[in-house]
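The values are calculated or read from the model by the stated rules, or taken from the named source; none is laboratory data. Predicted model only: the values in this text are computed from it and were never measured. Glycine also receives a Cβ, built like all others from the backbone with ideal geometry; neighbour counts cover every protein chain displayed. Side chains are part of the model used for accessible areas, which takes the heavy atoms of the whole protein and leaves out ligands, DNA and RNA. Shrake-Rupley method; radii C 1.70, N 1.55, O 1.52, S 1.80 Å.
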Amino acid sequence: TKQPRLGTIIRECGDDTCIDLYIHFARNQDYITDATEQAALRDLGVDLRGGLDQLAAVDRTDVEVIVEGHADRSQVVRMPNPRDAFLYNWNLSAKRASAVVYEFRQIEFSVPKYKIVAIGYADSQPLCKEATDACDKQNRRTTLRLRVDTRSLETRLKKPGKP
């Protein structure tokens, strides 16, 4: 039987489709520790992989799965080096995105067969701006952005023998 689904919100973000994944990262942590969330994330990866596998191999490479990691507004206070303090949330958010990519790798949804990248955005794209714990919890998230590489698609379609 399939595990319960992750808390997700599907939304448009420009020309892309975004799926906000509410994986419960503890403050200043990048590990997915909840077994139910790990299983649900892997189920989602299986579903995405299955959808992409419906496409021909050349078409599959036109779809990029971008895993975006986000952090809340909090900063580590006791860092003597201002550079390290500044980079902390950037690195943390990248590690959160990489944690999702790792779970996908466990079910063989990974590069080079699929275009998957991990990006950290720190606290630069908050969903909520209030200085509250509830808002911080909402901002500690990962987002899957599904993007079609229209340039690659257009180039391939312009090749001789294509309509």
Would you check if Arg83 is among the basic types (Lys, Arg), crowded, with 18+ Cβ neighbours inside 10 Å and not in a loop (DSSP other than H, G, I, E, B)?
no
Quick one: in the stretch 81-94, of everything that is at pLDDT 90 or above and of a type outside the set (A, V, I, L, M), which residue is farthest from Ile19 (Cα to Cα)?
Asn81
Which condition number in (1) open to solvent by 40 Å² or more (accessible area, probe 1.4 Å); (2) under 14 Å from the mean Cα position of the chain (by Cα); (3) of a type in the set (Phe, Trp, Tyr) is the one that Trp90 fails?
(2)
Among the residues of the stretch 90-113, is any under 23 Å from Leu44 (Cα atoms), part of a strand (DSSP E or B) and in contact with a helix residue (DSSP H, G or I) (Cβ under 7 Å, 6 or more places away or on another chain)?
no
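Identify, please: which residue in the stretch 106-146 is among the charged types (D, E, K, R) and open to solvent by 90 Å² or more (accessible area, probe 1.4 Å) and is, among those, nearest to Asp62 (Cα to Cα)?
Here the answer is Lys113.
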Would a scan of the stretch 111-126 turn up a residue that is touching a residue at least 60 places away in the same chain (Cβ under 8 Å) and of a type outside the set (Ser, Thr, Tyr)?
no
Considering only the stretch 95-105, I want to know if a residue exists there that is among the aromatic types (Phe, Trp, Tyr), modelled with pLDDT of 95 or more, closer than 27 Å to Ala39 by Cβ and surrounded by fewer than 18 Cβ atoms within 10 Å (Cβ to Cβ).
yes
Count of residues meeting criterion [exposed (fewer than 10 other Cβ atoms within 10 Å of the Cβ) and at pLDDT 90 or above] in the stretch 43-60
1
Pick from the stretch 2-42, criterion among the small types (Gly, Ala, Ser) and at pLDDT 85 or above, ranking: surrounded by the most Cβ atoms within 10 Å (Cβ to Cβ)
Ala40
Considering only the stretch 61-80, state which residues are open to solvent by less than 30 Å² (accessible area, probe 1.4 Å) and part of a strand (DSSP E or B).
Val63, Val65, Ile66, Val67, Glu68, Gly69
